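I have placed the structure first, in the form of structure tokens, so that the comments after it can refer back to it.
Just so it is clear, none of the values below were taken in a lab; they were calculated from the coordinates. Note that the structure is a prediction, hence the values are computed from the model and not measured. Cβ sites come from the backbone with ideal geometry, for glycine too, and all protein chains shown count toward neighbours.
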Amino acid sequence: MEQYLEAIEAVAGPEAFEAIPIPKTYRGAVVLESDSAMFDGMASSDKDPRKSLRVQEVETPELAPDEAFVAVMASAINFNTVWTSIFEPLPTFGFLKRLGKESRWGKRHDLPYHVVGSDASGVVIAVGSAVRNWKPGDRVTVHCNYVDDQDPSAHDDSMLAANQRIWGFESNFGGLADLALVKANQLMAKPEHLTWEEAACNALCNSTSYRMLVSKNGADMKQGDIVLIWGATGGLGGYAVQYVLNGGGIPVGVVSSSDKVDLLKSLGCQYVIDRKAGGYKFWKDDTTQDEAEWRRFGKDIRSLVGDDPDIVFEHPGRQTMGASVFVAKRGGLVVTCAATSGYMIEYDNRHLWMKLKSIKSSHFANYKEADEANRLISRGAIQPILSSVFPLTETGEAAYQVHHNLHEGKIGVLCLAPTEGLGVTDPDTRNRVGEEKLTLFRRR
Ligand code: NAP
């Protein structure tokens, strides 16, 4: 991969990349099928990604006609890599086996190791014979909506496609590696005012928050909407706050420390709830929720911002869903994409139907939505929320930090990039946006 690195650093043209032979193997962060039972019987919090995520050489797969190889300069940790690394709720090898049954090309993915990772920035080094819009040398970021567009169900909203998958989670050859195999319809132009690691951290969480809040497939937020955002300095929340502010809404951010309160205020979120200081206990025990606590939380929101939330941005799941449904305004919407604290959800349906509230599900983003979200990053309207960076060899530690909520925003991972700070070819936009905004989450 050294030759690729030299060509990338020289910002070489397509011929230079085409002249370099594709390596037979490459370095990737993997989980092994043989480790799938290693944490059996342990509590979730004791399952340690540092034990299950290994960095090793893997074989380069064959390239399909509609695919591209990307030399990955940087990647990022997403919570799905945490799930894969602790084999919860299920080992991801089941996904790979199912994909393996679909076609000759799908079969490549069914291996006893899973190269993980659902974000990447880097350079296209080869394209299949059917790829029209991209060529070797193109500098890209990668979104994770992995869809076979020869299926009619993929042609209204591709997130509704029968064969929709998340790349690097439900497919192999993901982004936490020196090389990645992607479908050409996952590629997006790299925002050139960003470093490789800043460019790599956005696509998954930024696009998800865009669909949840901005898209008509999500909450379709309007000016003046009050939006309650759980985990407002986390991966999803850090982008959600920016979308609400950009769209003329009023974010109410929930976080769990005074440091995060400060960070959220510097992001421009005026209304903040510190859930730890508030001591909310929505569950009396494992099976009983406490409506008085929902009510206290709702009162705190009202006294802070003067009204109930029009939209609740949900992802913690079991711990918070009852409260989210309760505090939403009459006619309001809870938009949910996850269940970090448990997926068997309970809420009081009387509060939902009597007050004509709705719950809407959302999952990643279609290509159009991901591209629109990427365009906002490129224009400097949405900022990356990178807080720290690890080398690929320490992917396990990086995932451990996310698993234990020790991070803010996004954790980046350097793959081929030898150091941080490389990759900016549009310094004018960088100056216009300003280092202060671009590195808000880093300077802490
Ligand atoms: P993250 O970076 O860990 O941020 C989540 C934040 O949620 C945490 O920082 C924490 O903030 C808050 N939180 C965690 N547990 C909580 C609880 N029990 N009660 C209240 N708040 C809690 O993770 P993320 O990247 O934002 O992802 C969040 C979830 O969404 C994960 O489960 C992930 O798998 C899922 N996800 C789904 C999609 C999709 O397409 N469906 C896309 C991206 C992510 P405080 O401690 O500061 O409150």
Mean ellipticity per residue at 222 nm, deg cm²/dmol - from DSSP H runs of n ≥ 4 across the chain, formula -39500 (n - 2.57)
-8000 deg cm²/dmol
If you find the alpha carbon centre of the stretch 184-245 and of the stretch 83-125, how far apart are they in angstrom?
24
Amide H proximity to Tyr113 below 5 Å, modelled H, separation 5+ or other chain, gives Glu33
Sort out for me the Cα centre separation of the stretch 284-354 from the stretch 1-80, rounded to whole Å.
39
Quick one: 3J(HN,Hα) in Hz for the stretch 227-239, Karplus 6.51/-1.76/1.60 with θ = phi - 60°, rounded, Gly and Pro as x.
10, 7, 10, 6, x, 6, 10, x, x, 6, x, x, 7
Do the alpha carbons of any pairs in Lys183/Lys410; Lys284/Lys410; Lys24/Lys190; Lys190/Lys410; Lys97/Lys357 sit beyond 28 Å of each other, and which pairs?
Lys284/Lys410; Lys97/Lys357
Starting from the amide H of Ile250, placed 1.01 Å from N in the peptide plane, find each other amide H under 5 Å away whose residue is 5 or more places distant or on another chain.
Gly224, Asp225, Ile226, Val227
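Would you work out the charge dipole size for the chain about its Cα centre, treating the Cβ of every Lys and Arg as +1 and the Cβ of every Asp and Glu as -1, and quote it to the nearest 20 debye? It would help to have the intermediate numbers written out before the result.
Working: 48 positive and 58 negative charges, 251 e Å.
My answer is approximately 1200 debye.
To check you understand DSSP bridge types, tell me what percent of the beta bridges within the chain (both residues inside) are antiparallel, rounded to 5. Before the final figure, lay out the partial values.
Working: 34 of 58 bridges.
Of the beta bridges lying entirely in the chain, close to 60 percent run antiparallel.
Using the count of nearby Cβ atoms within 10 Å as a rough guide to exposure, how do Thr25, Thr84 rank from fewest to most? Write down the numbers at each step before the final one.
On the way: Thr25 12, Thr84 30.
In order of increasing Cβ crowding within 10 Å: Thr25, Thr84.
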Once the in-chain neighbours fewer than 8 apart are removed, the lysines whose Cα is under 23 Å from Lys360 read Lys216, Lys222, Lys329, Lys368
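The stretch 312-349: which chymotrypsin sites (Phe, Trp or Tyr not before Pro) are DSSP loop and have at most 11 other beta-carbon atoms within 10 angstrom?
Numbers: sites: Phe313, Phe326, Tyr343, Tyr347; in loops: Tyr343, Tyr347.
When the chymotrypsin sites (Phe, Trp or Tyr not before Pro) of the stretch 312-349 are filtered for loop state and at most 11 Cβ neighbours within 10 Å, Tyr343 remain.
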What is the set of long-range amide H partners of Tyr271 at a cut-off below 5 Å, with H atoms built 1.01 Å from backbone N?
Gly253
Per-residue Cβ contact counts at 10 Å, fewest first, order Ile301, Ile385 as Ile301, Ile385
Label-point separation (nm) for Glu2 and Arg330, each offset 7 Å from Cα along Cα-to-Cβ?
7.2
